[in-house]
Amino acid sequence: MNMEEITPEFIRRLKAEQMDQLSAYRQDLYKKPELRQLFFELTMRCNLECFHCGSSCSSRLDDGLPLQKYKEILDEVKENFDISKLLLCITGGEPLLRPDFFEIMEYAHSLGYRWGMTSNGTLITPEVARRLREAGMRTISISIDGLEKTHDAQRKRPGSWKAAMRGIQNLIDEGGFHAIQVTTVMNHQSMDELDDLYELFCEMDIDSWRVIGLEPIGRALEAPELMLTRKDQRRLFTFIKEKREEEMPVTYGCSHFLGVDFEREVRQWYFLCNAGLYVASIMANGDVGACLDIERSKKTVQGNIYENSFTEIWQKRFADFRRPLSLRNEECRNCEYEKWCAGGSRHSWDYENEKQRICMKGTLF
Ligand code: SF4
Ligand code: SF4
């Protein structure tokens, strides 16, 4: 094929074909899910109090399951799943606050698990960075949500930006990790800082910068004025798309169907909400769910580790996650994009009113 034939129309057609294939694949996954990411919410404690925290964590809350329970779960999962295809994703709260953090992770490493972590970065001294490498950590994502003043104000902790940036530098200096990522949650007010943040992260030796919008979950539900407007959304996705065309390692997360012009442009893959298909999580209280960003309720929690084994819950429950969300809402059911979107992301679904809180139709397509 010569270059003149690669027109925008040709690319749109190609994407449509590929999204059709993905949609057929999703039907197969509903019948035969494959566990690829297992989240452990090691603690609900955090040394910061981000207003947008999806888990509403704070210093007053508790650690997750006891060490022995995590060891039992790790043994059981290794016995029943192919852990060479699995990534253990460690999160919290701030996981490094757990006194037995390294015991858990060293045990996982000794069993052959690949693991990564989400952290606020403030506790990563050179010594901690060395121990993380020795315990086999492959990937880490650190949150930086704006320039110094904005980031600190969101956490109600002066000095937290500097501490997180030091933590990132300590990881870079240590080396030997598969990927060091910075994640930034943009809100309506911080959108003005997008270009300055880009300049800042371009100067750092990180592997990728993941930029996402504030989502209506957890404490953020109380701050509707900070949600991105339609104009902000368009600007954000256009920004990521342009930077990626320049081959900069800027990326977006797994959320939301973005329409033909933005799908496969702001991330490496097409939209597929993996919750309950590839992704499961064990929460700090032993509840088992699909994805930790999803609101926790009787409708979404699938069982508890103290009542049934993880394997049993994964294999016998999750029925609701293995059919399209769009079945629950007339507008989604009848939508012309339903076959590609399937009702959108599960974390932004309003389970009380059975409707999607974030739909990009009318904004991006
Ligand atoms: S619920 Fe949201 S964060 Fe979780 S897999 Fe689906 S799109 Fe991604
Ligand atoms: S209406 Fe529903 S199915 Fe259609 S694009 Fe929006 S979220 Fe997706």
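Suppose accessible area is computed on protein heavy atoms with a 1.4 Å probe; arrange 202, 89 from highest to lowest.
Most to least solvent-accessible, the answer reads 202, 89.
Using a basic spin-label model with each label point 7 Å from the Cα along Cα→Cβ, how many nm lie between residue 219 and residue 306?
Result: 2.7 nm between the two label points.
Keeping all protein chains in place, calculate the accessible area per residue for the chain (probe 1.4 angstrom), answer in Å².
About 46 Å² of surface per residue is accessible.
Please report, in Å, the Rg and the Dmax of the stretch 167-282, where both are computed over Cα atoms only.
Gyration radius and largest Cα-Cα distance of the stretch 167-282: 15.2, 41 Å.
Test of understanding: express the Cα radius of gyration of the stretch 304-347 as a ratio to 2.2 N^0.38 Å, with N the residue count.
My calculation over the Cα atoms of the stretch 304-347 gives 1.53.
How much of residue 98 can a 1.4 Å solvent probe reach, expressed as accessible area in Å² and rounded to 10?
For residue 98, the solvent-accessible surface is approximately 10 Å².
Residue 241: which lysines have alpha carbons under 20 Å from its alpha carbon, excluding same-chain residues fewer than 8 sequence positions away?
Reachable lysines: 15, 231, 361.
Assuming R0 = 35 Å, can you tell me the calculated FRET efficiency for the pair residue 31 and residue 5, based on Cβ-Cβ distance, to the nearest 0.05?
Once rounded, the FRET efficiency stands at 0.40.
Among 310, 262, 81, which one moves the most in a GNM of the chain with springs linking Cα atoms closer than 10 Å?
Among 310, 262, 81, the largest mean-square fluctuation in the Gaussian network model of the chain belongs to 81.
Give, rounded to the nearest 20 debye, the magnitude of the charge dipole that the stretch 212-314 has about its Cα centre when Lys and Arg contribute +1 at Cβ and Asp and Glu contribute -1 at Cβ.
Approximately 200 debye in magnitude.
Between residue 24 and residue 82, how high is the FRET efficiency from 1/(1 + (r/R0)^6) when r is the Cβ-Cβ distance and R₀ = 30 Å? Nearest 0.05.
0.80
Can you tell me the order of 351-357, 124-130 when each peptide is scored by its average per-residue count of other Cβ atoms within 10 angstrom, highest first?
Ranking, from highest mean packing down: 124-130, 351-357.
So for the pair residue 162, residue 16, with labels modelled 7 Å out along Cα→Cβ, what separation do we get in nm?
5.6 nm
Per residue, how much space in cubic angstrom lies within the convex hull of the C-alpha atoms of the stretch 83-179?
Measuring per residue, one finds 97 Å³ for the Cα hull of the stretch 83-179.
In nm, give the distance between the simple-model label positions of residue 110 and residue 172, each being 7 Å from the Cα along the Cα-to-Cβ direction.
Using points 7 Å along Cα→Cβ, the separation is 3.5 nm.
Calculate the dipole size of the chain relative to its Cα centre from +1 charges on Lys and Arg beta carbons and -1 charges on Asp and Glu beta carbons; express the result in debye to the nearest 20.
Value, rounded to 20: 840 debye.
May I ask you to order 301-307, 28-34 by the average number of other C-beta atoms within 10 Å around their residues, highest value first?
So the order, starting with the most tightly packed, is 301-307, 28-34.
Considering only protein heavy atoms and a 1.4 Å probe, what is the carbon-and-sulfur percentage of the accessible area of the chain?
Ligands and nucleic acids excluded, carbon and sulfur reach 49 percent.
The values are calculated or read from the model by the stated rules, or taken from the named source; none is laboratory data. Being a predicted model, the structure only gives us computed values, none of them experimental. Reconstructed Cβ throughout: ideal geometry from the backbone, glycine too, with neighbour counts over all protein chains shown. In case anyone asks, the SASA skips ligands and DNA or RNA and just uses the protein heavy atoms, side chains included. Shrake-Rupley method; radii C 1.70, N 1.55, O 1.52, S 1.80 Å.
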